[in-house]
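Student: After the structure tokens below, expect a handful of questions from me.
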Amino acid sequence: MDNKKEITICLGSSCFARGNKQTVKVINDYLKNNNLEKDVFYHGNHCFGKCDKGPFVKIGDVIYEDVNTENIIETLDKIFKRKK
Ligand code: FES
């Protein structure tokens, strides 16, 4: 039941201002378009505490640094397309 994949996006002010503001929506659309909303627990979080390497998105146990609206799609594709 609880094998949902967890995606946590940093919504602290640094990450948010440097791109996560757009990335939030990109991930949301991705989950919707790929019918993944029920398989994923997607939520925002406070500053991860290492803003200089951000913006951050955490997927499962892995923290991705330097995320932008393009590389996040590649990352999501790698993780979710593989399962199908
Ligand atoms: S705002 Fe994202 S790590 Fe600080």
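Only the coordinates and a few stated rules stand behind these numbers; no lab work does. Worth saying up front: this structure is predicted, and the values here are computed from it rather than measured. Cβ coordinates were reconstructed from backbone atoms using ideal geometry, including for glycine residues, and neighbour counts include every protein chain displayed.
Student: Filter the range 10-40 for residues that are in contact with a strand residue (DSSP E or B) (Cβ under 9 Å, 6 or more places away or on another chain), under 13 Å from Asn68 (Cβ atoms) and more than 14 Å from the ligand (Cβ to nearest atom) and give the result.
Tutor: Ile27
Student: Please work out which one of (1) surrounded by fewer than 15 Cβ atoms within 10 Å (Cβ to Cβ); (2) in contact (Cβ under 8 Å) with a residue 24 or more places away in the chain; (3) within 11 Å of the ligand (Cβ to nearest atom); (4) within 11 Å of the chain's Cα centre (by Cα) is the condition Lys58 fails and give its number.
Tutor: All conditions pass for Lys58, except number (1).
Student: So which residues in the range 53-84 are in contact with an Asp or Glu (Cβ under 7 Å, 6 or more places away or on another chain) and at positive phi, if there are any at all?
Tutor: Gly60
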